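Undergrad: Just dropping this structure here.
What follows draws every value from the coordinates through simple rules; no lab data is involved. This structure is a prediction, so every number in the text was calculated from the model and none was measured. Backbone-built Cβ (ideal geometry, glycine too); neighbour counts: all protein chains shown.
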Amino acid sequence: MDNKQVAFALGLAQKAGKVASGDFAVRSALNGGKAKLMLIAGDAAEASRKEMEYLAETANVKTVTGPARAEIGAAIGKSPRTAVVITDNNFAVMIYNKCHD
């Protein structure tokens, strides 16, 4: 995985308004059926990771492990984020593929 490419794609998705970040927004996107992919920070605490994976699983959304929390936050112009949700299928495919390179 190339963290710079993942961060670049995440930044594009954020500018297009296709990223939900923050606990409430992530849960709302998952519960509302808008989520296409969940990106979880590589340095997320184990309890947080398990909770996010459970929420994604119940919403039938794929999860991928991405860069560190600080890098995810910087990519979207916000404070460090443990998890973000991509709400567009094309951006979700792009980020998923970059995480598996």
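Undergrad: Please work out how much length the chain gains when fully extended from K4 to A45, using 0.36 nm per residue of separation minus the C-alpha to C-alpha distance, in nm with one decimal.
TA: 12.6 nm
Undergrad: Moving on. What do you get when you divide the Cα radius of gyration of segment 21-72 by 2.2 N^0.38 Å, with N the number of residues?
TA: 1.04
Undergrad: Right, something else. Using only helices, what value at 222 nm comes out for the chain when you add -39,500 (n - 2.57) per DSSP H run of length 4 or more and divide by the total residues, to the nearest 500 deg cm²/dmol?
TA: Values: 5 runs with 53 residues, N = 101.
Calculated mean residue ellipticity at 222 nm is -15500 deg cm²/dmol.
Undergrad: Which trypsin sites (Lys or Arg not before Pro) in segment 37-101 pass both tests, a DSSP loop state and at most 16 other beta-carbon atoms within 10 Å?
TA: The qualifying sites are K78.
Undergrad: When the Debye formula is applied to the Cα atoms of the chain, each taken as the same point scatterer, what base-10 log of I(q)/I(0) results at q = 0.23, 0.24, 0.25 Å⁻¹?
TA: Normalising to I(0) and taking log10 leaves -1.24, -1.38, -1.51.
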